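Right, one structure below, let's go through it.
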Amino acid sequence: SSSSSSVGSDFVFAVEGSSGQVTTRAAVDAEVALGYVLEIGCSDGERTGAPAAVVNVTVRDVNDHAARLVQPSADGIVFDIAETANVGDAVFAVTVVDDDRDPIHSNVFLRLAATVLGVPPFRLPPSTNLPFRITQDGNVSVAAQLNYDQVALYNVTVVAGDGLLNGGYSVGFYFYVRVLDRNTNPPVFQTNPQWVSLAEDSVLQGGFTQRVVGTFEAHDPDTGTDNTLTYSLMSCVRYFRGQNRGSCLFDFALQPFTAELTTLSEVNAEATSQFVLVLQVYDQRWLDQLQLTIAVEDVNEYAPHMQAAQAQVQVVEGSPPAIFQVVATDADAAPVLTYSIVSAFALPALYGSNNNSN
């Protein structure tokens, strides 16, 4: 007769005592044991057969593990790279392992994808045409020139596959690559050259008053500190009726951070018909200049003055038109004078003879 026997109740193998059939009590795992050596004996109750049968059991590995991320410790991390980075510069590195024992199953192939595998779409829309590449040892580097103004944040997925030709696993680990702006754009004044008009300071209103000419801002598409602009007044020349009348650099003030231009002295149309200024903006790397022309508008401050308050003119009867002329002057810069007869009366003629008779 025979009976069932085993080596410990927790051993993964057991033999049916009456039939000699060997079965497993639990799942075998190639990552736990490469194989087992079983010595199976037989007894008839009185005597045991010798020698025992030696059975070598090899556990065949199957692809039952997906690749896992070791370094960094988690995905979803943001990595920064300057937009001035050169092709080949390192961005980040990953370490991915597969716990399968068989090299066919544990050999991990890495590639980059522009889609986020298994991540809800509200995180970031997929990026395309990734300017990065990855080596099989997990190093991600720059593959093309970066441009912050075109793409400031990339959505990068490291796809790890093992034994794909044999029905293996593919898993994605997502990361973000943030491109840092490096002041690649110069500031630009919106209109160049630019013309504005400014009324003169009128003596009728008390003379000089500091006034705002305007605000002349530039645009810079860079961000952060690269978008910090500083304004300055580089030159100023005054003109009167086309003639250069010298510098006016101290007649205006330009606020360095707001680009507001104000007057510092009297604007007189009787002495200046226009100012020509050069404004400059600087963003710590690039600069731009604006030529600004300020046309001075004349204000009617003065009354016209007749050159002769009284005049004696003799007119010959029957004279043609325009027999005499009156002239007035006006201290304003561009007066438009109109003459008219305000009042008039005729002197009566005396008729009769003044002859003497004897």
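The values are calculated or read from the model by the stated rules, or taken from the named source; none is laboratory data. Everything numeric in this text was worked out from a predicted model, so none of it was measured. Ideal geometry is used to build each Cβ from the backbone, glycine not excepted, and the neighbour counts take in all protein chains shown. Side chains are part of the model used for accessible areas, which takes the heavy atoms of the whole protein and leaves out ligands, DNA and RNA. Shrake-Rupley method; radii C 1.70, N 1.55, O 1.52, S 1.80 Å.
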Query - Subset of segment 123-167 that is at pLDDT below 90, outside any loop (DSSP other than H, G, I, E, B) and open to solvent by 40 Å² or more (accessible area, probe 1.4 Å) - its residue that is nearest to residue 92 (Cα to Cα) - result: 153
Query - Odd one out for residue 234, checked against (1) out of contact with any Ser or Thr (no Cβ under 7 Å at 6 or more places or on another chain); (2) modelled with pLDDT under 85; (3) not β-branched (Val, Ile, Thr) - result: (2)
Query raised in the report: Within segment 222-238, how many residues turn out to be within 20 Å of residue 289 (Cβ to Cβ) and open to solvent by 60 Å² or more (accessible area, probe 1.4 Å)?
Result: 3
Query - Failed condition for residue 226, given (1) closer than 30 Å to residue 152 by Cα; (2) without any contact (Cβ under 8 Å) to a residue 12 or more places away in the chain - result: (2)
Report task. Collect the residues in segment 25-42 that are assigned to a strand (DSSP E or B) and open to solvent by 80 Å² or more (accessible area, probe 1.4 Å), keeping them in residue-number order. Result -> 37, 39
Report summary line: If we keep only residues of segment 257-288 that are farther than 18 Å from residue 194 by Cβ and under 22 Å from the mean Cα position of the chain (by Cα), then the residue surrounded by the fewest Cβ atoms within 10 Å (Cβ to Cβ) is 257
